[in-house]
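Novice: My questions all concern the structure below.
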Amino acid sequence: MSLFHVIGFGWNLVLILCYWFVSLVFSMNGEVMTTKSLLGDGEQIMMKLLEVIAEAMSILISTFHHSRNPSAIDQCTFARYTERTAFERPLTSGVAYAVRVLHSERKEFEKQHGWSIKRMDTLEQTPVHKDNEYDRDGLEPSPVQVEYAPVIFAQDTIAHVISVDMLSGKEDRENVLRARESGKGVLTAPFKLLKTNRLGVIKTFAVYKTDLPSNATPNERIQATDGYLGGVLDIESLVEKLLQQLASKQTILVNVYDTTNISHPISMYGSNVSSDGVEHVSSLNFGDPFRRHEMRCRFKQKPPWPWLAITTSTGILIIALLIGQIFDATINRIAIVEEDCRKMMMLKKHAEDADVAKSQFLATVSHEIRTPMNGVLGMLHMLMDTNLDVTQQDYVSTAQASGKALVSLINEVLDQAKIESGKLELEAVCFDVRATLDEVLSLFSGKSQEKGVELAVYISDKVPNVLIGDPGRFRQIITNLVGNSIKFTEKGHIFVTVHLVEEVIESDEEIKIESLLKSTLSGLPVADKRQSWRSFVCFNQEGSTSFPSSSLDQINLMVSVEDTGVGIPLDAQSRIFTPFMQVGPSIARIHGGTGIGLSISKCLVQLMKGEIGFVSLPKIGSTFTFTAIFTNVCNNWNEKKSQQISNQSNSVSLDFHGMRAVIVDPRTVRARVAQYYMKRLGVHTEVVSDLNHGLSYLRTDNGITNMILIEQEVWDTDLGKSSLFVKNLRKINASVSPKLFILANSINSSGAGVSANGFPTPFVIMKPLRASMLAASLQRAMGVGNKGNSTNGELSGLSLSKLLQGRKILIVDDNNVNLRVAAAALKKYGADVVCTDSGKKALTFLQPPHQFDACFMDIQMPEMDGFEATKRIREMESNINSCIQLGQLGPEAYGNVSSWKVPILAMTADVIQATNEECQKCGMDGYVSKPFEAEQLYQEVSRFFHIKPNQNT
């Protein structure tokens with residue numbers, strides 16, 4: 001409504017007042033009728049005003065409470081807003097909002113708000129007159145019912161109704177139910193207001209989730225209801241204000257009644273003083289068709305003098321102007337709210353567009369950076385295979401390490417982006433837990449040896465060898481934690497332990513004793529690791545767990561990473577998991593890093609249905625602990641894969657089956673680590689604390705001891721005693737002397753060159769211990785198994801040569817450098833490689849019949865991308881296969897192959913868009929992320945090729 005409408009309404013009202021003034025002079029009956037008319041009009045205007053205000057507040061509630069999670073408003077905001085806009089509702093005592101809560105939602109609702117839903121009739125029986133008399137906890141809880149309507153927001157004047165269930169009150173229940181079924185404002189019967197004890201009514205409006213058509217059914221309205229908005233009207237104040245300056249109380253008596261129940265009318269205003277005058281009865285419409293009201297006017301004494309009419313008309317004019325002002329303020333307020341809503345919708349759209357743009361930007365930047373990086377790393381790998389001197393090899397290795405560090409940084413940023421967008425998902429594949437931890441140790445072995453820091457892993461025997469989960473993300477969490485420990489630890493140790501959750505609970509006392517005795521890996525004091533998991537929700541105060549223990553289906557692991565580093569300052573510990581947070585500005589300069597590793601780790605742990613915590617003491621060290629839930633390998637479809645992993649783990653241990661060893665180490669924790677690895681190789685071990693005890697054991701033992709593993713600390717303590725030990729060892733068994741091994745922790749091992757009177761120098765095994773490395777060292781020294789044991793990468797290379805020898809492979813990539821890198825990598829293993837630079841050309845090459853055994857397909861290419869090219873290839877193969885099966889084509893024309901399907905592997909740098917699901921959807925058989933290495937290639941091609949010469953796919 002514009003200002004002109006308000007002015008026109010005001011002029012019309014002035015004309016009516018002038019006519020009423022003239023009529024008043026000649027007839028008191030006319031005054032009474034005009035009084036009734038103005039009173040009724042004022043009520044209708046007021047009710048329409050309430051509806052407009054209710055609509056505005058409904059928009060506020062829907063936009064900022066129900067459409068936001070968490071809510072953008074609270075009681076304080078609602079109270080402040082209604083207080084500041086109280087001038088728009090001069091005839092109301094207060095407004096409140098009650099939300100619809102189903103019984104199934106009650107418990108969560110009460111937990112969220114911190115109070116229980118109270119029953120209305122309890123509050124009605126003990127009215128509140130003053131704020132300090134109100135005690136919410138003294139109210140009885142609302143009885144169990146299908147649904148509730150607790151007040152969550154209220155104007156300060158009626159804040160005592162917060163938490164009260166409007167459906168449990170006698171006066172309000174029917175009112176609320178009618179409001180939501182009809183979609184209109186509904187009045188209650190008159191009742192005593194709780195705080196003022198004056199007569200009043202409540203007009204209730206339903207707030208719906210969406211805009212409903214006018215012909216919506218009651219059931220549709222009930223289902224769409226979010227809550228209820230109510231305004232409290234003080235009847236006595238309302239009528240007093242409307243009658244001010246309108247008629248003298250000494251002249252006319254006005255009574256207003258609620259006549260819904262005609263046999264028992266309820267007096268809403270006025271007294272029952274009798275008079276001799278004629279009573280005029282007329283009906284009033286307050287906007288609720290269900291309730292009926294009437295006004296009764298009668299004379300008390302003689303008609304007033306004309307000047308009284310003038311005063312009354314002036315009062316009516318003032319009321320009209322006030323109403324016009326209210327209309328104008330309300331319309332302006334609605335316009336402001338609508339404009340704010342429009343701006344917020346625009347901001348929301350801009351934010352959504354920005355989020356899409358960010359994701360697209362990250363995807364594009366990822367591809368554009370990783371594509372040339374693939375070329376750089378690939379060329380460096382090829383360069384490393386050429387004849388280089390030591391200096392050149394060092395330069396190339398440094399460049400490779402820098403390139404891999406850049407790729408790792410890109411992956412971290414992309415992981416953070418995927419976490420923020422909720423697109424990060426976990427795999428569910430079989431993996432070897434112990435092999436995964438060995439890979440982490442291999443990653444940091446060089447740095448730990450350079451610093452002279454003890455790095456070790458211990459996994460409990462109760463942890464299964466093979467689990468189902470996401471090994472990459474599990475490894476990423478541990479890598480982040482160990483990486484931080486390596487950065488901030490200059491002496492002492494870094495110790496990774498893996499147990500079942502219930503093991504930790506049962507051994508709590510044992511851990512406490514170890515902590516008191518300071519029994520640690522390096523002997524340096526550490527923070528009490530028990531404090532790192534005390535805050536976990538899964539532990540109660542008694543130290544027991546609140547979720548089921550590991551079973552046949554699920555395995556609950558607890559992983560701890562303990563270090564003796566500088567620790568975390570107390571003031572920085574509260575924000576340690578905040579993205580991009582560094583303890584101090586100097587940390588990034590000294591140690592590097594982005595500060596998002598721990599943030600990503602926490603999100604990954606939560607995805608694994610676990611928790612993460614830490615304890616840290618400055619200048620003592622830190623211990624980070626997390627839990628993760630994995631699936632046990634108990635399903636038939638996983639048995640074959642599990643058996644393959646187990647066979648790979650146990651193949652080396654057969655070489656040492658039945659052998660015996662003695663470990664000389666005074667520290668029980670460190671000796672337990674060595675025992676753990678020897679047990680994995682199938683070697684039976686005994687632990688002694690020093691060389692003398694070792695000799696005593698060997699003299700009394702009747703069995704054959706094949707090897708002795710001596711901790712470097714023991715060997716270097718007294719070189720003379722070490723030489724004497726070697727002499728006495730030869731005397732005990734001159735024919736078959738056990739092999740000696742020194743377990744060294746640092747690259748600068750002084751004891752590695754000690755010999756004793758011509759006796760062979762002990763073999764040095766560098767820590768950290770890993771099963772494959774330890775097996776290789778023992779094989780070379782003991783002369784068993786594969787003496788020339790290769791590294792994992794070399795093994796993959798040998799296997800790849802057998803798999804790819806003579807295979808014809810098509811590589812499709814629009815980047816010439818990447819074509820050269822991929823072709824060189826495959827040719828290195830004996831493959832016959834053909835290259836093409838577009839998806840359209842790939843269709844020609846792979847048109848049956850052809851001689852290709854596999855195809856590596858880039859995804860992002862001009863004209864036709866890899867997805868579209870793969871779809872067309874699969875359609876082409878499907879059509880030919882159908883024709884062959886139906887006899888329309890002879891297999892002789894297609895190389896005697898009755899079913900064509902060439903393996904197609906995605907090969908792309910776009911790690912966000914090119915997911916496994918998208919590749920499988922278009923018909924691809926696998927996925928290799930750039931830059932790729934021998935292990936990645938082997939993992940993919942081994943699913944299609946077998947180590948048999950001249951075998952076609």
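The values are calculated or read from the model by the stated rules, or taken from the named source; none is laboratory data. As the structure is a computational prediction, the values presented were derived from the model and not from experiment. Cβ placement follows ideal geometry from the backbone for every residue including glycine, while neighbour counts extend to all protein chains displayed. Note: areas computed on protein heavy atoms with side chains; ligands, DNA, RNA excluded. Shrake-Rupley method; radii C 1.70, N 1.55, O 1.52, S 1.80 Å.
Novice: Select, from C430, C341, the only residue that is of a type outside the set (K, R), under 26 Å from I477 (Cα atoms) and open to solvent by less than 50 Å² (accessible area, probe 1.4 Å).
Specialist: Going through C430, C341 in turn, just one is of a type outside the set (K, R), under 26 Å from I477 (Cα atoms) and open to solvent by less than 50 Å² (accessible area, probe 1.4 Å): C430.
Novice: Failed condition for Q400, given (1) free of Cβ contacts under 8 Å to residues at least 24 places away in the same chain; (2) open to solvent by less than 40 Å² (accessible area, probe 1.4 Å); (3) on the phi > 0 side of the Ramachandran plot, with all others met?
Specialist: Status for Q400: all satisfied but (3).
Novice: Among the residues of the range 818-847, which ones are over 30 Å from M384 (Cβ atoms) and surrounded by 20 or more Cβ atoms within 10 Å (Cβ to Cβ)? Break it down stepwise before answering.
Specialist: Keep residues of the range 818-847 that are over 30 Å from M384 (Cβ atoms), which gives 838-847.
Within the range 818-847, G839, A842, L846 meet the criteria.
This table checks each residue for (1) open to solvent by 20 Å² or more (accessible area, probe 1.4 Å); (2) farther than 30 Å from S408 by Cβ; (3) among the polar types (S, T, N, Q); (4) modelled with pLDDT of 85 or more.
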site: V526; (1), (2), (3), (4): yes, no, no, yes
site: N540; (1), (2), (3), (4): yes, yes, yes, no
site: F547; (1), (2), (3), (4): yes, yes, no, no
site: Q554; (1), (2), (3), (4): yes, yes, yes, yes
site: G565; (1), (2), (3), (4): no, no, no, yes
site: L570; (1), (2), (3), (4): yes, yes, no, yes
site: G593; (1), (2), (3), (4): yes, no, no, no
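Novice: Which of the residues belonging to the range 453-478 are closer than 12 Å to S560 by Cα and open to solvent by 10 Å² or more (accessible area, probe 1.4 Å)?
Specialist: Within the range 453-478, Y458 is the sole residue that qualifies.
Novice: Moving to a separate point now. From the list S313, S359, which residue is farther than 24 Å from I61 by Cβ, under 42 Å from the mean Cα position of the chain (by Cα), modelled with pLDDT under 85 and surrounded by 14 or more Cβ atoms within 10 Å (Cβ to Cβ)?
Specialist: From the options S313, S359, the qualifying one is S359.
Novice: Cβ-Cβ below 8 Å, separation at least six or inter-chain, first residue in the range 828-849 and at positive phi, second open to solvent by 80 Å² or more (accessible area, probe 1.4 Å): which pairs?
Specialist: G830/Q805
Novice: Could you list, in sequence order, all residues of the range 917-947 that are at pLDDT below 65 and either of a type in the set (A, V, I, L, M) or over 20 Å from E368 (Cα atoms) (or both)?
Specialist: A934, E935, I947
Novice: With the requirement that a residue be surrounded by fewer than 17 Cβ atoms within 10 Å (Cβ to Cβ), small (G, A, S) and either under 24 Å from E917 (Cβ atoms) or in contact with a Ser or Thr (Cβ under 9 Å, 6 or more places away or on another chain) (or both), what does the range 848-884 give you?
Specialist: S878
Novice: Could I ask something else about it? (1) touching a residue at least 12 places away in the same chain (Cβ under 8 Å); (2) open to solvent by 30 Å² or more (accessible area, probe 1.4 Å): which one isn't true of R370, the others all being true?
Specialist: Single failed check for R370: (2).
Novice: State the number of residues belonging to the range 174-204 that are within 40 Å of the chain's Cα centre (by Cα) and open to solvent by 30 Å² or more (accessible area, probe 1.4 Å). Let's see the steps before the verdict.
Specialist: Let us first name the residues in the range 174-204 that are within 40 Å of the chain's Cα centre (by Cα), namely 176-177, 179-181, 183, 204.
Right, trim to open to solvent by 30 Å² or more (accessible area, probe 1.4 Å) and you get 177, 181, 183.
Selection size over the range 174-204: 3.
Novice: Another question about this same structure. Being in contact with a Ser or Thr (Cβ under 9 Å, 6 or more places away or on another chain) and among the small types (G, A, S) is the filter; apply it to the range 433-447 and report the residue that is surrounded by the most Cβ atoms within 10 Å (Cβ to Cβ).
Specialist: A435
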